[in-house]
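Data first, discussion second: the structure below is written as structure tokens.
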Amino acid sequence: MNRLLIVSIAATATIALTGIGLLATGGFSSPQGQSAAKSAPVRSTGVPNIGGPFSLVDHTGKAVTQADFEGRKTLVYFGFTFCPDVCPTALQVMAVALEELGEDADAITPVFITVDPERDDVETMAAYVNHFGDNFVGLTGTPEQIAATAKAYKVYFRKVEDPASSGGYTMDHSSVVYLMGEDGTFLANFTHETLPDRMAARLRQFL
Ligand code: NI
């Protein structure tokens, strides 16, 4: 309950911040970044700066990058397979929404990226994503690859001690479902609390 609340708050905060462009420009800025920004052209499209190049391993063990998804829309969610509630809910919402779209959903690939590469190896990811549908792609990688990808998507995650969980820890993480375009740019976002009908209706606007 507590964790659900924290995750919801984190998700809401992320959306609120990206919505007004704060994270897009200031989330990871450094003194160098600020001085560089003075001479750099100002981005004024209003599109949140979410996503970017990544290098990961899919649930079949194949090395993949963002280039492997070019030309396809993706519905991207970060979480972990040991998550007791929020992640399964988010992935179920994605699965139901895509099912509602019928054949139109072929244009959208659902992608689940783990924030817990320590436990979520290729085999674990394969078993997990298959539970939600044949079309789901699971992505894992080294802790460094995962951290870089999460940073690009402005996803917060943190290991938290939890004696009740396997390995003695759980993961706190923001819960945002991103719709990304064919060229990898951000189109829309949802949470695990979005109703499947609403998600399907919104996705349809981009098909
Ligand atoms: Ni989760």
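The values are calculated or read from the model by the stated rules, or taken from the named source; none is laboratory data. The model shown is predicted, which means the values in this text are computed figures rather than measured ones. Every residue, glycine among them, receives a Cβ derived from its backbone with ideal geometry; neighbour counts consider all protein chains shown. When the accessible area is computed, the model is the full protein with side chains, heavy atoms only, and any ligands, DNA or RNA have been set aside. Shrake-Rupley method; radii C 1.70, N 1.55, O 1.52, S 1.80 Å.
Count, please, the residues in region 117-150 that happen to be open to solvent by less than 40 Å² (accessible area, probe 1.4 Å) and of a type in the set (Asp, Glu).
1
Take the residues in region 85-107 that are in contact with a helix residue (DSSP H, G or I) (Cβ under 6 Å, 6 or more places away or on another chain) and part of a helix (DSSP H, G or I), then tell me which one is nearest to the ligand (Cβ to nearest atom).
Among them, the one singled out is Val86.
From the residues in region 72-84 that are more than 7 Å from the ligand (Cβ to nearest atom) and in a loop (DSSP other than H, G, I, E, B), which one is surrounded by the fewest Cβ atoms within 10 Å (Cβ to Cβ)?
Only one residue fits best here, namely Pro84.
Do we find that Phe54 is over 26 Å from Glu193 (Cα atoms), buried (at least 21 other Cβ atoms within 10 Å of the Cβ), in contact (Cβ under 8 Å) with a residue 12 or more places away in the chain and not aliphatic (A, V, I, L, M) in this structure?
Spelling it out, Phe54 is indeed over 26 Å from Glu193 (Cα atoms), buried (at least 21 other Cβ atoms within 10 Å of the Cβ), in contact (Cβ under 8 Å) with a residue 12 or more places away in the chain and not aliphatic (A, V, I, L, M).
Only one of these conditions is not met by Ala148: (1) away from the ligand (no atom under 16 Å from the Cβ); (2) more than 15 Å from the chain's Cα centre (by Cα); (3) touching a residue at least 60 places away in the same chain (Cβ under 8 Å). Which number is it?
(2)
Assess whether Glu193 counts as being closer than 14 Å to Pro110 by Cα, modelled with pLDDT of 95 or more and open to solvent by 30 Å² or more (accessible area, probe 1.4 Å).
no
Which ones in region 151-160 are surrounded by 14 or more Cβ atoms within 10 Å (Cβ to Cβ) and of a type in the set (A, V, I, L, M, F, W, C)?
Ala152, Val155, Phe157 - these are the residues of region 151-160 that are surrounded by 14 or more Cβ atoms within 10 Å (Cβ to Cβ) and of a type in the set (A, V, I, L, M, F, W, C).
Enumerate the strands (runs of 3 or more DSSP E) found wholly within region 160-200, keeping only those where 1 or more residues are without any contact (Cβ under 8 Å) to a residue 40 or more places away in the chain.
Where strands (runs of 3 or more DSSP E) fall fully within region 160-200 and carry at least 1 residues being without any contact (Cβ under 8 Å) to a residue 40 or more places away in the chain, they are 169-173, 186-190.
Sort out which residues of region 116-140 are on the phi < 0 side of the Ramachandran plot and in a loop (DSSP other than H, G, I, E, B), and write them in order of number.
Matches in region 116-140: Asp116, Pro117, Glu118, Arg119, Asp120, Asp121, His131, Phe132, Asp134, Asn135, Phe136.
Residue check: is Thr114 open to solvent by 10 Å² or more (accessible area, probe 1.4 Å) and not small (Gly, Ala, Ser)?
When the stated conditions are applied, Thr114 does not pass them.
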